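Accompanying notes for the structure given below.
The values are calculated or read from the model by the stated rules, or taken from the named source; none is laboratory data. Values in this document were obtained by computation on a predicted structure and should not be read as measured data. Don't worry about glycine lacking a Cβ; one is built from the backbone with ideal geometry, like all the others, and counts go over all protein chains shown. Surface accessibility is based on the protein's heavy atoms, side chains included, excluding ligands, DNA and RNA. Shrake-Rupley method; radii C 1.70, N 1.55, O 1.52, S 1.80 Å.
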Amino acid sequence: MITRRQFVNRSLAVTTGVTLTGTIQASLKSKNLPVAVSTWDHGVPANKEAIKILLNGGTALDAVESGVRVPEADPDVMTVGYGSFPDRDGHITLDACIMDEKGNAGSVSFLQHIKHPVSVARKVMEDTPHVMLSGAGALKFALEKGFKKEELMTEKSTAAWKKWLVKSEYKPVINIENHDTISMLAVDKHGNLSGACTTSGMAFKMHGRVGDSPIIGAGLYCDNEVGGAAATGHGEYVMRTLGSFLVVELMRNGLSPMEACKEAVMRTVRTNKDLNRVQIGYIAVNKTGETAGFSLHEGFSFAHSDKEGTTLNKADSYLK
Ligand code: SD4
């Protein structure tokens with residue numbers, strides 16, 4: 001078990017801009033709610049959208065959905081939504097989920113041709129008796145709900161796929177291109193907590209592969225009494241430990257967001273010998289708005305927003 005003392009020497013300095021500093025972040029304390037936290041550099045524009053909603057008195061649920069829609073629509077973010085890296089057969093297949101403050105959850109997996117899978121996941125949560133819809137069924141549901149069927153491949157995704165086909169080697173490079181899921185957690189001014197997660201999954205994955213991101217408890221978990229957690233990285237490793245659920249349960253047992261994220265990474269470290277080519281990272285928030293991020297390898301970043309602004313933070317990691 002990790003003690004709080006093991007973290008006291010970490011810098012608590014908060015960056016003031018959106019440029020990533022070299023400062024490794026311990027837990028970040030928000031002066032006041034509301035607060036939003038999300039994964040990677042593309043978390044910055046996503047967070048800015050979310051915090052705008054939160055500061056206007058909006059709900060955490062609306063904030064996380066609107067926030068992650070930003071990278072979903074951005075063709076330059078090639079790991080989420082429109083313009084993503086495809087699977088090895090040239091198809092973009094998307095995974096997403098959402099959870100609200102009441103413990104409701106909605107999810108879609110292996111969804112094709114829809115730019116905003118997170119919004120389909122919300123419809124699954126709100127308009128069906130189910131938690132998860134997949135593949136052709138999820139697409140049929142989305143079309144019935146008025147979502148537009150679109151070609152999500154761009155020239156850039158097609159070119160990346162053709163380049164990959166030359167060698168056809170599945171060797172994900174950590175921190176680069178193929179595992180930059182956007183996961184976001186928010187606590188609104190009423191103290192209610194929600195989360196969302198959306199991704200195209202591992203680039204050049206096998207057709208039909210589904211990762212951790214749409215799996216409640218793996219890619220995302222929220223408990224309004226305790227806090228929330230979300231994951232990024234090689235989904236297979238997150239799924240094997242149900243990492244986000246684990247982080248929330250560790251916080252329930254008294255760990256800070258930082259300690260809980262670290263312990264969840266350590267669970268993977270203890271059960272896997274060779275992690276050289278594997279990256280996983282977690283973000284977490286507790287009910288007071290304290291946020292943190294921690295990863296297996298160096299290189300993971302997370303965005304934190306509150307009424308004082310948005311910062312991009314370098315996460316601490318197990319391997320330096
Ligand atoms: C997955 N976790 O499908 C996702 C990939 C990702 O940052 O992009 N994570 O395994």
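Remarks
- Computed extension gain for Ala159 through Glu144, at 0.36 nm per residue and net of the alpha carbon distance, reaches 2.2 nm.
- Cα gyration tensor category, rounded, prolate or oblate, for region 34-306 with a/c compared to 1.5: oblate
- Per-residue Karplus couplings for region 268-280, computed as 6.51 cos²θ - 1.76 cosθ + 1.60 with θ equal to phi - 60°, are listed in order as 6, 4, 5, 10, 9, 7, 10, 10, 4, 9, 10, 10, 9 Hz, Gly and Pro entered as x.
- For region 219-320: rounded, prolate or oblate by the Cα gyration tensor [a/c cutoff 1.5]: oblate
- Fraction of accessible area attributable to carbon and sulfur, the chain (%, probe 1.4 Å): 51
- Under 12 Å, Cβ to Cβ, from Thr154 - net charge with Lys/Arg +1 and Asp/Glu -1: -3
- Hz values of 3J(HN,Hα) by residue in region 37-42 - Karplus curve (6.51, -1.76, 1.60), Gly and Pro given as x: 9, 8, 8, 6, 5, 6
- Among Ala136, Val70, Asn253 the positive-end extreme of the charge dipole of the chain (Cβ point charges): Asn253
- The alpha-carbon positions of region 69-122 define a convex hull whose volume is 68 Å³ per residue.
- For the chain, a Gaussian network of Cα nodes joined below 10 Å ranks Ala218, Ala105, Ala136 by mean-square fluctuation, and the top entry is Ala136.
- Highest to lowest packing among 139-147, 87-95, scored as the average C-beta count within 10 Å: 87-95, 139-147
- Under 5 Å, built H, 5+ apart or other chain: amide partners of Asp89: His207
- For peptides 151-161, 106-116, sequence by mean Cβ density within 10 Å, most packed first: 106-116, 151-161
- Accessible area in square angstrom per residue, the chain, 1.4 angstrom probe: 40
- Rounded to the nearest 500, the helix-only mean residue ellipticity at 222 nm of the chain stands at -9000 deg cm²/dmol, with each DSSP H run of n ≥ 4 adding -39,500 (n - 2.57).
- Among the GluC sites (Glu not before Pro) within region 213-259, those in coil by DSSP and having at most 16 neighbouring Cβ atoms inside 10 Å are Glu225.
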